[in-house]
Structure formats: structure tokens, C-alpha cells
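Colleague: So that we are looking at the same thing, I have put the structure below in C-alpha cells.
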Amino acid sequence: MLNRRNFLGLGLGAIAVAAIPNSLSAEDFRTTKPKAWTATKVDDAVKEIFGSTATTQGGISLTAPDIAENGAVIPVSFKTDLKATKIAVFQDANPESAVAVFTTTPDMVLDYAFRIKMAKTGTVTIIADVGGKLHSVSKEIKVTIGGCGG
């Protein structure tokens, strides 16, 4: 026997499932852009993912330490109000330049935080594709040897 609470719970659950967009999809960039993941230069990886390396500085806020005592766990975060369709993270301290690529929609809140590994001092670059125009921000992170702080 179905009581009112169960009925309302099932009804609201059905409405929630019906409201989920059926067009959610993500591109597997490791499959569709394999050269980006083996590129040793940031410009090569950027060109492979976005088709161009011409960027406009600004529109993205990047937070990362100036000095990272442990290159194995460097906290990086970025956010933007730009209506980007694709955002990628690159660095020039490791043999492969591409770190991550995110496929986004205009309705998403673009506020990401994660940790990356860098073998040595280098620059982290975030690039966002906004209607075919690329916006970027970069920051150099000094990685110290042995955690000595200098």
C-alpha cells in the first residue's frame, strides 16, 4: 500500500530524474587529441587541443603558491565568469605539457581546485575557449629541492 509520503517521494524523484539533461556528454581528449598528451612544449599541446595558440590575457583567476616545497602536491585553483566551452591546464616543468582538459557548458560554475605534480620550477597556464576566442592566465611556481624553502 502506497502512503502519501512514499507517493510524494517517488513523484519528486521521478521529476528530478526527468529534469536531468539528456545531452550530457564529455569528450575523451586522450582519444580524440592524443598528440596533446605527448607534446613536450605547451604551445604544441595548446595548438592540438584548441587549434590555435593566440590568447588574450585575463578573465581567469589563477591561485597557486609562488614557492612549492613539495613538487609532488602543488595546489592549483582557478575560476572564471567567462562562458567557456573548454578549459585546459598546462605546465612546462614536466616532459608532457597537458595536465587536464574540461568540457564545460555556459550554465556551469567554473571554479576548480586540484593538485598537480611538477618536477622542477615552471609555469602553469590555464586557457579557456569562449566562443572561439582563447583567454589565458599563467603563473610561475618555484619548486624547491628537498623542501628547504629557498
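Colleague: Give or take rounding to whole Å, what are the principal axis extents of the alpha carbon atoms in segment 25-143, in descending order?
Modeller: Projected onto the principal axes, the Cα atoms of segment 25-143 cover 37, 29, 26 Å.
Colleague: Sticking with this structure for a sec: Using the Karplus equation 6.51 cos²θ - 1.76 cosθ + 1.60 (θ = phi - 60°), what ³J(HN,Hα) coupling, rounded to whole Hz, does each residue of segment 118-132 give in order, writing x for Gly and Pro?
Modeller: With coefficients 6.51, -1.76 and 1.60, one gets 10, 6, 7, 4, x, 10, 9, 10, 10, 10, 10, 8, 10, x, x Hz.
Colleague: Could you list which residues have their amide H under 5 Å from that of K86, counting only those 5 or more apart in sequence or on another chain, with H placed in the peptide plane?
Modeller: Correct list: T104, D129.
Colleague: Kindly state, to the nearest 0.05, the FRET efficiency for T40 paired with A100, given R0 = 22 Å and r defined as their beta-carbon distance.
Modeller: After rounding to 0.05, the efficiency reads 0.80.
Colleague: Count charges around I141 for me, please; just the other residues with Cβ under 15 Å from its Cβ, Lys/Arg as +1, Asp/Glu as -1. All intermediate terms of the calculation are to be shown ahead of the outcome.
Modeller: On the way: positive: R115, K117, K120, K139, K142; negative: D66, E69, D92, E140.
Within the 15 Å Cβ shell, the charges total +1.
Colleague: Next up: Order of 106-115, 72-81 by packing, highest average Cβ count within 10 Å first?
Modeller: Highest-to-lowest ranking by the protection proxy: 72-81, 106-115.
Colleague: What ranking do 131-143, 92-104 get when scored by the average of other Cβ atoms within 10 Å per residue, highest first?
Modeller: Result, highest mean first: 92-104, 131-143.
Colleague: What would the Debye equation give as log₁₀ I(q)/I(0) for segment 83-147 at q = 0.18, 0.28 Å⁻¹, counting only Cα atoms as equal point scatterers?
Modeller: Log10 I(q)/I(0), no solvent term: -0.69, -1.26.
Colleague: Right, next: Would you pull out the residues with amide H under 5 Å of V99's amide H, same chain only if 5 or more places away, H placed 1.01 Å from N?
Modeller: Residues meeting the amide H criterion: V89, F90, Q91.
Colleague: For A68, what residues show an amide H to amide H distance below 5 Å, using hydrogens built from the backbone and excluding near sequence neighbours?
Modeller: K142, V143, T144
Colleague: Under 19 Å from the Cα of K83, which lysines turn up, not counting those fewer than eight places away in the same chain?
Modeller: Within reach: K133.
Colleague: Still on this structure, I have one more. What is the magnitude of the charge dipole of segment 25-143 about its Cα centre, with +1 placed on the Cβ of each Lys and Arg, -1 on the Cβ of each Asp and Glu, and no other charges, expressed in debye to the nearest 20?
Modeller: 120 debye
None of the figures in this text is laboratory data; all of them are computed from the coordinates on show. Only a predicted model underlies this, so the values are computations on that prediction, with no experimental measurement involved. Here the Cβ is made from the backbone with ideal geometry for all residues, glycine too, and neighbour counts use every protein chain on show.
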